[in-house]
Amino acid sequence: MPFLVATAPGRPDHPNEDFAAVTATAAVLLDGVSAPVHPDNGCSHGVSWHTRRLGALLLAGADAGASLREALAEAITAVSAAHEGTCDLGNQQTPSATVVAVRVADDHLEYLVLSDSVLLTEEGAGVRLIADTRLDDLRPRVAPGTPVRAWRNVPGGFWTAGADPRAAEEALAGTVPRGAFLAMTDGASRAVEVFGDLSWEGAFELVRQRGPSALVERVRDLEAADPSCRLHPRGKARDDATALWWEPAPPTPS
């Protein structure tokens with residue numbers, strides 16, 4: 001079965017900072033991490049530039065057979081080299097991204113998850129959530145007045161794919177039995193995590209039955225019903241949203 005992808009920017013006047021791409025057996029999904037409060041992030045290229053280049057290089061490495069950690073570390077190193085001469089990569093707000101990468105093998109899936117994009121995999125009659133929860137775990141422990149972003153890519157904090165290839169070692173990585181899977185940026189998973197409109201199982205089945213675009217459209221409807229963010233507090237009224245789906249082909253009749 002082919003991979004299916006749906007993506008939509010949160011605002012029509014702003015570039016989509018999500019990125020998703022696939023080959024025959026590998027898929028990557030990234031969500032660019034922007035810093036609207038501090039637009040001077042030391043990079044003249046921008047978040048979407050970084051996310052697209054990082055995603056393309058990561059996919060190339062995964063498709064070539066490198067371990068997913070190795071592919072991510074090499075992609076981060078290559079993107080950093082492309083602009084370290086013009087940009088301040090020591091700035092903590094330098095562009096970075098959350099990452100989900102999956103490679104399909106004959107009897108299993110290899111995965112890598114970094115930061116708050118999530119992966120759902122088929123497990124028996126239900127689904128398994130693979131999520132890096134360090135950002136959510138950190139929020140209650142941050143001192144009042146200290147921005148959570150100050151803990152990005154530092155020991156004891158949370159990690160995203162920015163300029164430091166050590167982030168690859170901080171990612172969750174492993175294997176699960178081969179089966180259908182759904183990857184989502186946090187703009188798509190807010191149907192579950194922010195609005196509580198769907199369970200993880202409900203989101204998985206919605207995409208199985210109607211495709212990833214149905215999930216993105218569901219999020220847009222939920223956002224439109226609460227434009228002031230009063231009922232469902234969130235950092236952005238509308239966010240870039242991307243969902244990526246794959247399932248095995250049905251058995252060939254004998």
Rounded to the nearest 0.05, FRET efficiency between Ala214 and Glu169 (Cβ-Cβ, R0 35 Å) equals 0.45
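How much length is gained on full extension from Asp13 to Asp197, taking 0.36 nm per residue of separation minus their Cα-Cα distance?
Full extension from Asp13 to Asp197 adds 63.5 nm.
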Sort 66-73, 78-85 by packing, meaning the average of other beta carbons within 10 Å per residue, with the highest value first. 66-73, 78-85
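Relative contact order of the chain, please, whole-number percent, based on alpha carbon pairs below 8 angstrom and at least 6 residues apart.
Rounded, it is 25 percent for the chain.
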For the chain, list the cysteines whose Cβ sits under 4.7 Å from no other cysteine Cβ? Cys229
Using a Gaussian network model of the chain whose springs link C-alpha atoms within less than 10 Å, name the residue from Thr146, Thr86, Thr25 with the highest mean-square fluctuation. Thr146
May I ask you to derive the FRET efficiency for Val154 and Glu70 from their Cβ-Cβ distance with R0 = 30 Å, giving the value to the nearest 0.05? 0.85
How high is the relative contact order of region 131-184? Use alpha-carbon pairs under 8 Å, at least six apart in sequence, and give a whole percent. 26
7 Å from Cα along Cα→Cβ at both Leu4 and Glu205: what's the point-to-point distance in nm? 1.6
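Any read-out appearing in this document is the output of simple, stated calculations on the displayed coordinates, not a laboratory observation. Everything numeric in this text was worked out from a predicted model, so none of it was measured. Glycine gets a Cβ as well: all are built from the backbone with ideal geometry, and neighbour counts include every protein chain shown.
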